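Here the structure comes first, spelled out in C-alpha coordinates, and everything after it is commentary.
The values are calculated or read from the model by the stated rules, or taken from the named source; none is laboratory data. Worth saying up front: this structure is predicted, and the values here are computed from it rather than measured. Positions of Cβ are generated from backbone atoms using ideal geometry, with glycine treated the same way; all protein chains shown enter the neighbour counts. Quick note on the areas: whole protein, heavy atoms, side chains included, nothing else; ligands and nucleic acids left out. Shrake-Rupley method; radii C 1.70, N 1.55, O 1.52, S 1.80 Å.
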Amino acid sequence: MKGNILVITGGLSGIGKGTALELAKENLTIIILDVQDKKAPDVIKQVELLGSECKYFHCDLTKRQEVDRGLNR
(Lines give C-alpha, C1' and ligand atoms only; values in the text may rest on other atoms or scores of the structure.)
Protein backbone atom coordinates (compact mmCIF):
# COMPACT_ATOMS: atom_id res chain seq x y z
CA MET A 1 0.00 0.00 0.00
CA LYS A 2 3.07 2.24 -0.18
CA GLY A 3 2.29 5.68 -1.55
CA ASN A 4 -1.34 5.63 -0.38
CA ILE A 5 -2.95 8.17 1.91
CA LEU A 6 -5.22 7.12 4.75
CA VAL A 7 -7.49 9.61 6.52
CA ILE A 8 -8.75 8.58 9.94
CA THR A 9 -11.32 10.55 11.90
CA GLY A 10 -11.01 10.08 15.64
CA GLY A 11 -7.57 8.59 15.17
CA LEU A 12 -6.10 9.60 18.51
CA SER A 13 -7.93 7.06 20.67
CA GLY A 14 -9.95 3.88 20.60
CA ILE A 15 -10.64 2.09 17.33
CA GLY A 16 -9.30 5.00 15.29
CA LYS A 17 -5.95 4.90 17.06
CA GLY A 18 -5.79 1.13 16.77
CA THR A 19 -6.48 1.38 13.06
CA ALA A 20 -3.79 4.03 12.61
CA LEU A 21 -1.20 1.95 14.46
CA GLU A 22 -2.05 -1.27 12.64
CA LEU A 23 -2.00 0.31 9.19
CA ALA A 24 1.14 2.33 10.00
CA LYS A 25 3.06 -0.88 9.29
CA GLU A 26 2.06 -0.52 5.62
CA ASN A 27 4.24 2.55 4.92
CA LEU A 28 1.36 4.98 4.29
CA THR A 29 0.80 8.66 4.78
CA ILE A 30 -1.71 8.78 7.61
CA ILE A 31 -3.75 11.91 8.23
CA ILE A 32 -5.56 12.03 11.55
CA LEU A 33 -8.52 14.33 12.12
CA ASP A 34 -9.47 14.67 15.78
CA VAL A 35 -10.11 17.17 18.57
CA GLN A 36 -7.82 15.70 21.24
CA ASP A 37 -4.81 17.91 20.47
CA LYS A 38 -2.81 16.86 23.55
CA LYS A 39 -2.75 13.22 22.39
CA ALA A 40 -1.50 14.03 18.89
CA PRO A 41 2.28 14.16 19.49
CA ASP A 42 2.34 10.73 21.14
CA VAL A 43 0.23 9.04 18.46
CA ILE A 44 2.18 10.70 15.65
CA LYS A 45 5.41 9.39 17.16
CA GLN A 46 3.99 5.87 17.48
CA VAL A 47 2.81 5.87 13.86
CA GLU A 48 6.15 7.14 12.58
CA LEU A 49 8.07 4.51 14.57
CA LEU A 50 6.01 1.87 12.77
CA GLY A 51 7.09 3.21 9.38
CA SER A 52 4.46 5.64 8.14
CA GLU A 53 4.34 9.40 7.79
CA CYS A 54 1.70 10.99 10.01
CA LYS A 55 0.01 14.38 10.02
CA TYR A 56 -2.58 15.65 12.48
CA PHE A 57 -5.21 18.30 11.96
CA HIS A 58 -7.61 19.53 14.60
CA CYS A 59 -11.08 18.96 13.16
CA ASP A 60 -14.43 18.75 14.92
CA LEU A 61 -16.65 16.88 12.46
CA THR A 62 -19.74 18.37 14.06
CA LYS A 63 -18.67 21.85 12.90
CA ARG A 64 -19.10 22.41 9.18
CA GLN A 65 -16.57 25.27 9.11
CA GLU A 66 -13.80 23.04 10.50
CA VAL A 67 -14.59 20.27 8.00
CA ASP A 68 -14.53 22.74 5.11
CA ARG A 69 -11.22 24.16 6.31
CA GLY A 70 -9.79 20.64 6.55
CA LEU A 71 -10.87 19.76 3.02
CA ASN A 72 -9.14 22.83 1.64
CA ARG A 73 -5.67 22.07 3.06
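A few comments on the model shown:
- Contact map, the range 36-63: first residue farther than 14 Å from Glu26 by Cα, second residue open to solvent by 60 Å² or more (accessible area, probe 1.4 Å) and among the charged types (D, E, K, R), Cβ cut-off under 6 Å, separation 6 or more or different chains; pairs are His58/Asp37.
- Of all the listed residues (Ala20, Ala40), the sole one being out of contact with any Phe, Trp or Tyr (no Cβ under 8 Å at 6 or more places or on another chain) and either modelled with pLDDT of 95 or more or of a type in the set (Gly, Ala, Ser) (or both) is Ala20.
- Ile15 vs. criteria among the aliphatic types (A, V, I, L, M) and in contact with a Cys (Cβ under 9 Å, 6 or more places away or on another chain): no
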